[in-house]
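First, the structure itself, so that you have it in front of you.
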Amino acid sequence: MSDALLQIRNLRIEATSYPPGEAPRDVVLVDDVSVSVEKGKVLGLIGESGAGKSTIGLSSMAYGRGGVRLTGGTITLNGRDIRLADARALRALRGREVTYVAQSAAAAFNPAIKLMDQVIETCLAHDVMGRAEAEARAVMLFARLGLPEPERFGQRYPHQVSGGQLQRAMTAMALCPKPDLVIFDEPTTALDVTTQIEVLAAIKEAIRDTGVAALYITHDLAVVAQVADDILVLRHGKRIEYGATEQIITAPKEAYTKALVSVRSIEHVEKPDAPAVLEIQSVTARYKGTNFDVLKAITLDLPAGQTLAVVGESGSGKSTLARVITGLLPPAQGRIRFAGRDLAPDLAARTRDDLREVQMIYQMADTAMNPRQTVGTIIGRPLEFYFGLKGEAKRKRIQDLLEQIEMGKGFIDRYPAELSGGQKQRVCIARALAAKPKLIICDEVTSALDPLVADGILKLLLALQAAEGVAYLFITHDLATVRAIADRIAVMYRGEVRRYGTKTDVLTPPFDDYTELLLSSVPEMKMGWLEGVLDSRKMEAAGN
Amino acid sequence: MHPVLTLVVQRVALGLLLLLAVSAVIFLGVAALPGDTAQAILGQSATPQALANLRAEMGLDQPPLTRYFQWLGGVLTGDLGTSISNGTDIASAIGQRLGNTLFLAAWAAVISVPLAILLGLVAARYNGRWPDKLISGATLSAISLPEFVVGYLVLYFLAVKWQLFPSVAMVFPGMGMMDRLNAVILPVIVLVLVVLAHMMRMTRAAILNVMQSAYIETAELKGLSPMQVIWRHAFPNAIAPVVNVVMLNLAYLVVGVVVVEVVFVYPGMGQYLVDHVAKRDLPVVQAVGLIFAAVYIGLNILADVISILANPRLRHPK
């Protein structure tokens, strides 16, 4: 361990929190974490949000986001302690010895500067090499990362390339100045699953070819298992388990790690066929002022009390379908039948019962609630509006709903800011449930949540379905979620339904090309999965 | 056609349309005033017959719409009419005045715009620390004082007490460049102090707003110095809001400097307008109003065009 590139010992990181209406107080974000990275090795940092992964990652550049302070321990990089180094010394090492790849490359690139100038900026600022040499190296990295037209790619602006390409460009930017260590902070989390696998493979190859060491931060154990040599499991800023990847995946010691490994353990057997509550009949839709059909002759049925999962990548038309069903976007053609009657195309023409019986839950529970209303007011609103409940009767019903979402009566007077991400989503579920709907449209409701929390939400949704007989139209890009909850599945691609049927039918071969690609791109929690998939794809391509 | 060109052409066309509308409003406003040019020339005691003769001679008996188009046609061919108070050609009188005003405004702009942006960048760099407080405090004090107070303070110290510069900004045709500059230095100082604070504070606010972006963190993690981060990464994304405020202030330098011109007895457009309003010289008021409107609209179009050109999404579409 003596030749460790980065050695963190007993690291303590604090920040000042300003809770509304209370005195500011110091909170400990990272407590007594020790870890080391040797030259050319990849360390995976894994944990749910708030575990301190990014905070530890940035501490290896002695950088504290916002008011974050590195208050204890040592951070030894290339043999010297950088925790208390001055600004000049830090500037000399940032971008030279350690570089950073952010989660959202789309936000991390400056929109006003050409990609090439941003990619080589670090090389020039630190006098690593001259402009011509840096540009040549950038083009070489673009090519190695599989970017289109590597010679000309750098002449574009960030908005002119796709999200997956930007993420690769960011990796090129991090590798360009030949650093000793690269911090990858959730580099594939914001990408579609079919893009994620390509970017992941490109990053892994680039790490191997350049021999650089890396910290790979993610909440997805299956992803980190593909790239890391060692894994550090974190929770609430503390180290839970630290070991070789093989050991963490196959023989975890701690209970929390075991839960992470076995997450998505829900076994859901599809229900027998039943009469449809929702029939979507050859619906075509387009947005105002465009001449492009976002939905092309979609026909789907959702049996009463069951779950139809709509899967696809971004831009496939999933959310537009939800807008059409709720009446926010009247379809250009086709009709929607609901509970045996036609639904008016436009929201304004629907009856109060139409509105009551179709409810929605959103991806961002945060923005779907008024931050200045209490949980009681939020859940009570549909009770007043649809059922005219008041006073004690309303309060009693709110408390029943809170019991149903497993939160307890005590939450009735709390504000959204006081709740965790999972609790916020539960309140949104209670609000939808309060209207006694026949159909709830769930738009990526677990995408923003940590795996274990998401698991809890899915279990709750299944329990509520069994108790209330409500049907779900479940929009997601995550196939593991689909397996856990769906009775029927529709695979969407570019506004069309590529595959539709019961869960068993859709997930059983033979597959169409797109479904095959989608299914094989979902990371599996075993080492070597990535190479296996890529090899079999290459062989197939060669065979054709 | 490139989409940016389309946008720019649209903006310019819209500006011309707006200018046409403003010309109609100016014409109607002046026409709606009690009394007309003939009355103003002949005075209250004129006989109806004399008035009618003069109106026929000047074309004032024509319907307003005809007179509007005659006036507009004149404006487009460079004929702004004749002043009734002294019978001179308005266009040539204004030409010289406008030149003086633009000279003063240009020097004030050349000094104040880069200075305001530089001070804004420095204030943003040291946000909340003493350089920021000093810059903000000084520029806010300057803007809080009325212009004539600033003017008289500058006069008292620089012209009277220390006798560094002339107290009266006299310029005349044929004057040499250095003499001219020496003459206008005091009004330029006052104008710079008046417009500095607004532009500086907008620059500071726009930069601080951009500094919240994720790409600023990227730049910091590249090991760039704070000033490099602000200048190369923040400023290009703050141009649009800054340009809008800069143009408003430039317009003010042309159309709003009456008080400063009076304090320094400077023969510019403001004084010219005030003199002729007092004399009820309606053709002059119309002409000056139209020129002021054209300056205002022109500078705002320029601000729009620069904002469009500064946006890479518009400049380089997918």
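Here, each number is a calculation from the coordinates, and none is a lab measurement. Quick caveat: nothing in here was measured; it's all calculated off a predicted structure. Neighbour counts run over all protein chains shown; Cβ positions are idealised from the backbone, glycine included.
Take the Cα gyration tensor of segment B:98-186, multiply each eigenvalue by 5, square-root it, and list the three semi-axes largest first, rounded to whole angstrom.
Rounded to whole Å, the semi-axes are 30, 17, 11.
In straight Cα distance, which aspartates and glutamates are under 20 Å from B:Lys279, not counting same-chain residues fewer than 8 positions off?
Within the straight-line limit of under 20 Å, B:Lys279 reaches these aspartates and glutamates: B:Asp36, B:Asp89, B:Glu261.
With a 10 Å radius around each residue's Cβ, average the other Cβ atoms per peptide and rank A:177-186, A:356-365, A:378-387, highest first.
Result, highest mean Cβ count within 10 Å first: A:177-186, A:356-365, A:378-387.
Give the calculated FRET efficiency between B:Asn209 and B:Leu42 to the nearest 0.05, with a Förster radius of 60 Å applied to their Cβ-Cβ distance.
Taking R0 as 60 Å, the efficiency between B:Asn209 and B:Leu42 is 0.50.
Given +1 on the Cβ of Lys and Arg, -1 on the Cβ of Asp and Glu, and no further charges, what dipole in debye does the protein assembly as shown carry about its Cα centre, rounded to the nearest 20?
So the dipole magnitude of the protein assembly as shown works out to roughly 1100 debye.
Let me ask something else. Pull up the cross-link candidates among the lysines for A:Lys114, meaning alpha carbon to alpha carbon under 25 Å and not fewer than 8 places away within one chain.
A:Lys178, B:Lys222, B:Lys318
Where in chain A are the DSSP H helices whose alpha-carbon span along the long axis reaches 15 Å or more and whose Kyte-Doolittle mean is at least -0.5?
A:115-125, A:131-144, A:163-175, A:193-210, A:375-387, A:421-434, A:451-468, A:529-543
For a label point 7 angstrom out from the Cα of A:Leu90 toward its Cβ, which stretches of segment A:51-82 have the backbone nitrogen within less than 16 Å?
What the label zone holds, given the 16 Å backbone N cut-off, is A:55-77, A:81-82.
Sticking with this one: Multiply the residue gap between B:Val25 and B:Trp162 by 0.36 nm, knock off their C-alpha separation, and tell me the result in nm, one decimal place.
Result for the pair: 44.5 nm of gain on full extension.
Relative contact order of segment B:95-279, please, whole-number percent, based on alpha carbon pairs below 8 angstrom and at least 6 residues apart.
Over segment B:95-279, the number comes to 34 percent.
In segment A:50-86, whose amide N lies under 18 Å from the spot 7 Å out along Cα-to-Cβ of A:Val28? List them in ranges.
Residues A:50-53, A:55-56, A:68-75 qualify, since their backbone N sits under 18 Å from the label point.
Right, another one. Build a GNM of chain B with springs between Cα atoms under 10 Å: which of B:Thr101, B:Thr47, B:Thr139 gets the top mean-square fluctuation?
B:Thr47
If you rank A:Thr476, A:Thr307 by fewest surrounding Cβ atoms within 10 Å, what's the result?
Listing A:Thr476, A:Thr307 from fewest to most nearby Cβ atoms yields A:Thr476, A:Thr307.
Right, something else. Per-residue Cβ counts within 10 Å, from other chains only, averaged over A:105-115: what number is that?
Counting other chains' Cβ atoms within 10 Å and averaging over A:105-115 gives 6.
Continuing with the same structure: Under a plain spin-label model, where a point goes 7 Å from the Cα along Cα-to-Cβ, how far apart in nm are B:Ala278 and A:Ala304?
9.0
Still on this model: Explain nothing, just the number: relative contact order of segment A:4-261, from Cα pairs under 8 Å at least 6 residues apart, as a whole percent.
Answer for segment A:4-261 is 26 percent.
What is the Rg over Rh value, at two decimals, for segment A:4-261, using alpha-carbon atoms and the Kirkwood definition of Rh?
Expressed as Rg/Rh, it is 0.97.
Could you name the lysines in cross-link range of A:Lys396, using Cα to Cα under 16 Å and dropping any fewer than eight places away on the same chain?
Partners within reach: A:Lys409, A:Lys436.
Counting only Cα, what are the radius of gyration and maximum Cα-Cα distance Dmax of chain A, in Å?
25.3, 75
Using the 10 angstrom Cβ neighbour count as an exposure proxy, how do A:Phe411, A:Phe142 rank, fewest first?
Taking fewest neighbouring Cβ atoms as first place, the list is A:Phe411, A:Phe142.
Divide by every residue of chain B the summed helix terms, -39500 (n - 2.57) for each DSSP H run of at least 4, and state the resulting mean residue ellipticity at 222 nm, rounded to the nearest 500 deg cm²/dmol.
-23500 deg cm²/dmol
I'd like the projected area of chain B, averaged over all directions, using the convex hull of its alpha carbons. Report it in nm² with one decimal.
That works out to 22.0 nm².
Rounded to the nearest 500, what is chain A's calculated 222 nm mean residue ellipticity when only DSSP H runs of at least 4 contribute -39500 (n - 2.57) each, over all residues?
Roughly -11000 deg cm²/dmol at 222 nm, from the helical runs in chain A.
Which loop-located GluC sites (Glu not before Pro) does segment A:10-93 contain, where loop means any DSSP state but H, G, I, E or B and the Cβ has at most 14 other Cβ atoms within 10 Å?
Here the GluC sites (Glu not before Pro) that fit, given the DSSP loop and packing criteria, are A:Glu22.
Counting other C-beta atoms within 10 Å, which of B:Asp36, A:Asp26, A:Asp86, B:Asp281 has the fewest, and how do the rest follow?
Fewest to most other Cβ atoms nearby, the residues stand as A:Asp86, A:Asp26, B:Asp36, B:Asp281.
Just to be sure I follow: if Rg is taken over the C-alpha atoms of segment B:182-304 and Rh is the Kirkwood radius over the same atoms, what is Rg/Rh?
Taking Rg over the Kirkwood Rh, I get 1.16.
Using alpha-carbon pairs under 8 Å, 6+ residues apart, how would you state the relative contact order of chain A in percent?
Over chain A, the number comes to 15 percent.
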